[in-house]
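**Student:** A single structure is presented below for examination.
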């Protein structure tokens, strides 16, 4: 079972933190492409593009397959990205609630302290 | 660069975790700087619940908030949201209520594939660890819940990802 709280999510988001890599994913979402195609599209050296694809591959976002001399890239586990995005929204909605809850709890604690003081007087 | 900002928002470093524990389970954990009886009150008294359950950023607001928090009691929250002309109800039943330590409720607003939510409150040294466990009836039900809110792999999806990542970079030229 894939866990999203830690390393996997971090790896996915680290891979997605780069504009070129997001562009590569978007491109591969339209059609599979070779590393040479991608390098040309993004005006980049083959070596530079290989590095980007390597990062995406390690994060499980892209898979590559070498046929003859051409390495073809395609989106890997696209469900993973969608799920990671959903989990992230879920995280954000709870986090936003909890920020409000923190404020309320602080207020309730102060109120309880004040009530205790009143009773003692 | 994507970074968690929770520790900056919470100077006491109350990191939150979200984990898909299995095909049908989601688990959220978070510490709160208050004793369990106060945190439990905030989850169970409608007048308190109303003050935090809908964060300002959601764009929704409570029209009504009824909660009869006892075993076999029911709740019904009704919201208004700009994206919906009709009021949006959320409702269900409390399966188990142990004051100060445990709440279990059903989520019945869907079409029968709703999750069961269990919340536990564990006090340690004046702080309270809250664990929210959402159990869906099947892996398909959780996958569907996720799919119904995600959109197809498209430019829009990437815009959303961009917003998620809040990356201050320029948009990508893909010619």
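No value in this document is a laboratory result; all are computed from the given coordinates. Bear in mind that the values here come from a model prediction, so they are computed numbers and not experimental data. Note that each Cβ is placed from the backbone with ideal geometry, even for glycine, and that neighbours are counted across all protein chains shown.
**Student:** How many Cβ atoms of partner chains, on average, are near each residue of A:23-36 if near means within 10 Å of its Cβ?
**Tutor:** 2
**Student:** Please give the average number of partner chain Cβ atoms lying within 10 Å of the Cβ of each residue in A:49-61, rounded to a whole number.
**Tutor:** Neighbouring Cβ atoms belonging to other protein chains average 0 per residue here.
**Student:** Using the Kirkwood radius over Cα pairs, work out the Stokes-Einstein diffusion coefficient for segment A:7-77 at 10 °C and 1.306 mPa s, in µm²/s as a whole number.
**Tutor:** Value of D from the Cα-based Kirkwood radius: 133 µm²/s.
**Student:** For residue A:92 and residue A:116, what does the FRET efficiency come to when R0 = 35 Å and r is the distance between their Cβ atoms, rounded to the nearest 0.05?
**Tutor:** Computed FRET efficiency for residue A:92 and residue A:116 comes out at 0.45.
**Student:** Packing-wise, with mean Cβ within 10 Å as the measure, how do A:104-117, B:44-57 rank, highest first?
**Tutor:** Highest-to-lowest ranking by the protection proxy: B:44-57, A:104-117.
**Student:** Just tell me how shielded A:103-109 is by partners: mean number of partner chain Cβ atoms within 10 Å of each residue's Cβ, no decimals.
**Tutor:** Mean partner-chain Cβ count within 10 Å for A:103-109: 6.
**Student:** Let me ask something else. As a test of understanding, state the convex hull volume per residue of segment B:87-140 from its alpha carbons, in Å³.
**Tutor:** Value for segment B:87-140: 105 Å³ per residue.
**Student:** While we're on this one: Could you work out the mean projected area of the convex hull around the alpha carbons of chain A, in square nanometres to one decimal?
**Tutor:** If I average the Cα hull's projected area over directions, I get 10.9 nm².
**Student:** Please check: in the Gaussian network model of chain A (C-alpha springs, under 10 Å), which one of A:53, A:70, A:62 has the largest mean-square fluctuation.
**Tutor:** Of A:53, A:70, A:62, the Gaussian network model singles out A:70 as fluctuating most.
**Student:** Given the options A:58, A:27, A:92, which has the most mean-square fluctuation in a GNM of chain A, springs set between C-alpha atoms less than 10 angstrom apart?
**Tutor:** Among A:58, A:27, A:92, the largest GNM mean-square fluctuation belongs to A:92.
**Student:** Distance from the Cα centre of segment A:32-65 to that of segment B:61-98, in angstrom?
**Tutor:** 49
**Student:** Moving to a separate point now. Restricting things to Cα coordinates, could you compute the convex hull volume per residue of segment B:58-117 in Å³?
**Tutor:** Given the Cα convex hull of segment B:58-117, per-residue volume reads 99 Å³.
**Student:** At 222 nm, what value in deg cm²/dmol follows for chain A if DSSP H runs of at least 4 each add -39500 (n - 2.57) and the sum is divided by all its residues, to the nearest 500?
**Tutor:** Using -39500 (n - 2.57) per qualifying helix, the result is -23500 deg cm²/dmol.
**Student:** Of the candidates A:42, A:13, A:98, which one comes out as most mobile in a Gaussian network treatment of chain A with C-alpha springs shorter than 10 Å?
**Tutor:** A:98
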